[in-house]
Amino acid sequence: MQTQAVETERRMIRDAEKETDMENRLSDGEKVFIISGAEADYRVDGRRCEDFRNIMVESGVIDTTDGSARVRFATTDLLVGVKCELQSVENSAAVQDRIRFSVDCSANATPQFEGKGGNEFADEIACALRTAYSNDYVVPDFEKLAVSPSHVWILHVDIVILQYGGSIIEAASIGAIAALTDTNICEVETKPADENRVTVEMSEMGKVWNLDTTRFPVIVSVNKLGKANVVDCSLNEETCIRSAVCFGFSFSNKMKPQNLYQVVQFDELSRLM
Amino acid sequence: MMSIISEHGYRIDGRLPHQIRNINCRLGVYPQAEGSSYIEQGNTKILCAVYGPHEAKRSKQLQDRCVINCQYSVATFSGLERKNRPRGDRKANEFTRLLEKTFESAIMINAFPGSQIDIFCEVVQNDGSLLAACVNAATLALCDAGIPMKALVSASACGFVDSKCLVDLSNREETDLTPRMTVATLGNTSQIVLIELENRLHSNHLPQVLAQSTKTCADVFECLHAAVRAHLPGSVAIF
Amino acid sequence: MTSMETDVASSSRVVIPGESLFPSAEDLRPGKGTYELHGHIYSSLLGYVYVREDTTDSRNIRVIEVRRNEERHQHVSPHIGAIVTAKVINIGPRYAKCQLLSVEDTILGGDYTALLRKEDIRSTERDKIEISECVLPGDILLARVISFGDTVTSFLISTAEEQLGVVMATGETGEKMMTKDWNTVQGVETGRVETRKIAKVPNLNLHSTTKAK
C-alpha cells in the first residue's frame, strides 16, 4: 500500500512537470520528501504550513525617487521605486490608470533573466498588481490625483527583482505599499489661464502630501503541495507545487479575490529556475 | 544657470576639481552568484553579479578561450528623469560591449576554453560616472568570484571644463557639452584597458586629460585594494 | 588537494590580483592562482599565499600558490581521462546524449553535456551494439572523458572498460532498477528484467533484495 502511495506521488510529480530541456534541480526523492513533509505540517526549514519567513522592509533607500522601499524575504530581494509625473491630458477623468506598475527581473537574480528572459514573468507580476489596484475601494485618493480637468498625477511604480527566492508576488505587493506610503507628492495649485484652461504651479516650496495607503491591497498566494495548503514557498518548494491561488486583500478585512492562477503558470516558474 | 566650477574653484557639491567622491563597497552580497559586489561612488549605487565560468552556448563557444558576457542595466527609477526601458537602448549596448572588451584584457581567458563568464551590472541610483563605477563594481565581483585576473581594473571619469580637468563627475556635471572621458587602467600601472570619450575634446588637451585620468585611476585602485583586502579575512568559513 | 597540511603559509598575507609575489628564480614555480610575467611571479587571485615543496627531476623546487581557505564554488571542468558520473538524457540510433553530473569527487556546478557514441559503449563486438540494450534515458553511468569534441559536438565519453557503465538504471516504465548480474537489471517493485551495460564496480552488492513476486 505504501509503495502504491509512493508511485502515485511520483506520477503526480511527473504530471506536474512540463517537458523542459532544463535540468530539474531536485530529484524525485527530494520532491516526495518536501511534499510528504508539508502534508504532515513540517516544512524543510522548520516552519509550519501557514508560517511566513522573516520579512524585512526598509523605505527611503533611493534618493532619486519620490518614494522607495526594499523588501527582503530571506532569499528574495526586491527594490521598489516610485516616481511622480504630472501629465497634461485632454480629459483627466478619462485617465483611469493613475498608478502604473512595471517589473524588471534583473539578471543579478539568475542568468536566465538575462536580456528578455524574465519579461514574461515580470509582466505577470505587473498585471496582477495592476488588477489589484484598479479598484475604487483601495485607492481612496484616486480623485485627488486628478489636479485639474487637464492635469493628472501619474505614479510610476517600478519594481526590480534582485534576488529570486520564491514569494515574489507577496514581496512585490508589500514593497508597493511601502514605497507608496513613503512617496511625497508635490502640492500644486491651479490658476486659470487663457482659453478656459488652467495652469498648475507649486503652492509652497517643499510642501508635499502623502497618499492614504491604509486600504492598499496585499497579495498572498496559497500553494498546493500534495494535499497541503502552504504559504510563502521557498525556491525548492516552488518546483513541487501543482497549483496556486493568489488573493488580494485590502486591510479593512474585505476580501477581494483578484486573480486565479492555473497549474500552467507554476510549471513556467519552475522552468525559470 | 550655475556654472560647473565656481569662481573660487569649487564644484557644485563642494569638491575640488581633482577630488573623487567617497567610495563605499561590499563584496559577497548575493549568495546565489559566484561573486557579487555593491559599490557606492558618492550617490551612484551599482550592484554587480558574476556567474561562471560555465559552459557557453554552442553558438558562442570559442575553442581556445572563454567568452565574457556582460549585461548593463539601468533601473528605471535610478535617474532624475524616469527611463522607460532598463536596457536594450543604444547606450546600454555600447557600454555592454565596452565592459566585455575591458575584462577580456584583464581576465586570464586562456585558462577556461569553451566556457563563458557572465558579468551583470545593475545601476540602482544614477549620479554620474556610470561606466567607471560599473568597471569598479565588476572588478570587485570578479575578485569575490575567484576568477583569475592579471590585476585589478580601476576606472574613473574625467571631464574638461574651463581648461581644468574635473574627475569623478556627478550627474549635474555631465552636461551635453562637457567633454568627458572614462579611462580604466590595469593594476597600479598605467596600462590602459578602456578609453571612452563623449562629446568633443580638442587634441591639444588630450595629454592633460589622460594624465589626470591615469592618476585618478591609481587613487581609485587604492580604495578598491583596501576594500578587497578587508573583505578576505571576514569571508573565511568556519569548518 | 590534501597537501594543505604540508603547506607552509609564507605569511598571512592577503594578496590581490596583479600583486608581485616573488622575482622569478630557478627553484620557484608559479602554481595555481599565479602567473609569471617579465621575470616576476604575480598573483591572479584574491587570497593567501601558500608555498609548497615539490620535487621534479630530483630537484627541490617550491611551488607558489594563491588560495582562499574556503572554496565556495569549485571551478572544476572535465578533463581528458577523468572518470565522470553522467545521466543519460536521450538516445539516438548512433549515440546517447548525457549530462555530466560530477567529475570524480566534485559535483559540477554548471550544465555540461557529453556524447556517448555507439562504438564507445563496449570494447567487444563494437559494430553489433544496440543502444537501447545498453543504456536508456534516466540511467546514471560512470564513464571516462576521451576528448573535448570539435566545434559541433560536446565532450565525448566512453564506457568501454570493465568498471565503467551503468550503475543505476531507470526502466522503460520509469521505475528504479537495481543491478541483478553482469548484464541485466531488475526492477525494484515489479521485478521486470532489462539488459544494460553494467559497471563492474568492485564490492557492489549484487544481491539486492526486491519486492518482486
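Any number yet on Rg/Rh for the protein assembly as shown, C-alpha, Kirkwood?
1.02
Working from Cα positions, state the angle (0 to 90°, nearest 10) between the long axis of helix B:90-106 and the longest principal axis of chain B.
60 degrees
Post the alpha-carbon centroid distance, region B:22-77 to region B:132-155, in whole angstrom.
Their Cα centres are 9 Å away from one another.
May I ask for the equivalent-ellipsoid semi-axes of region C:7-67, computed as the square root of five times each C-alpha gyration tensor eigenvalue and listed largest first in whole Å? Write down the numbers at each step before the final one.
Working: eigenvalues 68, 37, 13 Å².
That gives 18, 14, 8 Å for the three semi-axes.
With a/c under 1.5 counting as rounded, go ahead and sort region B:179-239 into rounded, prolate or oblate using the C-alpha gyration tensor (a ≥ b ≥ c being the square roots of the eigenvalues; past the cut-off, prolate if a/b is larger than b/c, else oblate). If you can, show how the numbers build up before the last one.
Numbers: a/c = 4.03, a/b = 3.22, b/c = 1.25.
Prolate.
Measure nothing but the geometry: give the 0 to 90° angle between the long axis through the Cα atoms of B:206-235 and the longest principal axis through the Cα atoms of chain B, rounded to 10°.
Roughly 40 degrees, rounded to the nearest 10.
Chain B: longest stretch without exposed trypsin sites (Lys or Arg not before Pro) (DSSP loop, at most 15 other Cβ within 10 Å), sites themselves excluded? Before the final figure, lay out the partial values.
Values: sites that count: B:K57, B:R58, B:K60, B:R200.
Value returned for the longest uninterrupted segment is B:61-199.
Under the rule of at least 5 residues apart or a separate chain, name every residue whose amide H is placed under 5 Å from the amide H of B:R65.
Residues meeting the amide H criterion: B:G114.
Between 0 and 90 degrees, rounded to the nearest ten: what's the tilt of helix B:130-145 against the longest Cα principal axis of chain B?
Roughly 30 degrees, rounded to the nearest 10.
Just rank A:I55, A:I177, fewest to most, by other beta-carbon atoms within 10 angstrom. Can you show the working numbers first?
Working: A:I55 15, A:I177 22.
Result, fewest neighbours first: A:I55, A:I177.
Which of the GluC sites (Glu not before Pro) found in region B:1-90 are loop residues per DSSP with 16 or fewer other Cβ atoms within 10 Å of their Cβ?
On the way: sites: B:E7, B:E34, B:E40, B:E55, B:E81; in loops: B:E7, B:E34, B:E81.
Here the GluC sites (Glu not before Pro) that fit, given the DSSP loop and packing criteria, are B:E7, B:E81.
Given that compact globular proteins tend to follow 2.2 N^0.38 Å, what is the ratio of the alpha-carbon Rg of region A:107-176 to that value?
Numbers: Rg = 15.3 Å, N = 70, 2.2 N^0.38 = 11.1 Å.
With N residues counted in region A:107-176, Rg over 2.2 N^0.38 Å equals 1.38.
Please rank B:Y10, B:Y51, fewest neighbouring Cβ atoms within 10 Å first, as an exposure proxy.
The order, fewest Cβ neighbours first, is B:Y10, B:Y51.
When Rg is the radius of gyration of the Cα atoms in chain B and Rh is its Kirkwood radius, what does Rg/Rh come to? Each step should come with its number before you reach the end.
Details: Rg = 17.9 Å, Rh = 18.3 Å.
My calculation of the ratio gives 0.98.
For the pair B:E81 and B:L201, what calculated FRET efficiency results from E = 1/(1 + (r/R0)^6), where r is the Cβ-Cβ distance and R0 = 41 Å, to the nearest 0.05? Working shown, then result.
Values: r = 26 Å, r/R0 = 0.63.
So, using R0 = 41 Å, E works out to roughly 0.95.
Pairs to check: C:K128/C:K176; A:K83/A:K207; C:K118/C:K200; C:K97/C:K176. Give those whose C-alpha atoms are more than 25 Å from each other in this structure.
C:K128/C:K176
If all Cα-Cα distances of region A:42-160 are sorted into 5 Å bins from 0 onward, what percent lands in each bin, rounded to whole numbers?
2, 10, 14, 17, 18, 17, 10, 7, 3, 1, 1, 0
For a quick size check, give me the Cα extents of region C:83-195 along its three principal axes, largest first, whole Å.
43, 34, 23
Ratio of Rg to Rh for region B:9-79, alpha carbon only, Kirkwood?
Numbers: Rg = 17.8 Å, Rh = 15.5 Å.
Taking Rh as the inverse mean 1/r over Cα pairs, Rg/Rh reads 1.14.
For region B:1-50, just say rounded, prolate or oblate: build the C-alpha gyration tensor, square-root its eigenvalues into a ≥ b ≥ c, call rounded for a/c under 1.5, and beyond that prolate if a/b exceeds b/c, oblate if not.
Working: a/c = 5.59, a/b = 3.67, b/c = 1.52.
Prolate is the answer for region B:1-50, as a/c is 1.5 or above and a/b outweighs b/c.
Using Cα positions and a limit of under 22 Å, work out the lysines in reach of B:K164, with same-chain residues fewer than 8 apart set aside.
B:K215
Give a residue-ordered list of calculated ³J(HN,Hα) values for region A:177-190 (Karplus: 6.51 cos²θ - 1.76 cosθ + 1.60, θ = phi - 60°; whole Hz; x for Gly, Pro).
So the J values, rounded to whole Hz, are 5, 4, 5, 6, 5, 7, 6, 9, 9, 5, 7, 10, 10, 9.
Cross-link partners among lysines for B:K101, C-alpha distance below 16 Å, same-chain residues fewer than 8 apart left out?
B:K60, B:K91, B:K150
Once the other residues with Cβ under 12 Å from the Cβ of A:E187 are scored (Lys, Arg +1; Asp, Glu -1), what is the net sum?
Working: positive: A:K144, A:K207; negative: A:E189, A:E201, A:E204.
Local net charge: -1.
When a footprinting reagent is the concern and you count Cβ atoms within 10 Å, what order do B:M108, B:M149, A:M205 take, fewest first? The partial results should precede the final answer.
Details: B:M108 16, B:M149 25, A:M205 6.
Exposure proxy ranking, most exposed first: A:M205, B:M108, B:M149.
In whole angstrom, how long is each semi-axis of the equivalent ellipsoid of region B:115-239, when you take the square root of 5 times every eigenvalue of its Cα gyration tensor and sort them from largest down? Walk me through the numbers on the way to the answer.
Working: eigenvalues 175, 46, 34 Å².
After diagonalising the Cα gyration tensor, the semi-axes are 30, 15, 13 Å.
Values in this text are rule-based calculations from the coordinates and carry no lab data. As the structure is a prediction and not an experimental result, all values here were calculated from the model. Glycine gets a Cβ as well: all are built from the backbone with ideal geometry, and neighbour counts include every protein chain shown.
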